[in-house]
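What follows is a short report on a single structure.
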Amino acid sequence: MRSRIGDPSGTAEPRFSPHLVPVFSTPEFEGPDARRDGQIRCVGPSSVDRPAGSDFP
């Protein structure tokens, strides 16, 4: 996240900024009625490929 929106060499933790709210989503997923202002940034989904698991019992 630092490399996308801030200083990659910085030491501050951007998740705890009083000026920014990172949202693990996309504008398309949130829909047209979602709150949009300068403090909210969609940073993409936080999901990864699902691990292989057993069949549902």
Taking the stretch 20-33 and keeping residues within 15 Å of the chain's Cα centre (by Cα) and outside any strand (DSSP E or B) leaves Leu20, Phe24, Ser25, Thr26, Pro27, Glu28, Phe29, Glu30
For Pro32, are the conditions met, namely being open to solvent by 80 Å² or more (accessible area, probe 1.4 Å) and at pLDDT below 75?
no
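The values are calculated or read from the model by the stated rules, or taken from the named source; none is laboratory data. Keep in mind that what you see is a predicted model, and the values were worked out from it rather than measured. In case anyone asks, the SASA skips ligands and DNA or RNA and just uses the protein heavy atoms, side chains included. Shrake-Rupley method; radii C 1.70, N 1.55, O 1.52, S 1.80 Å.
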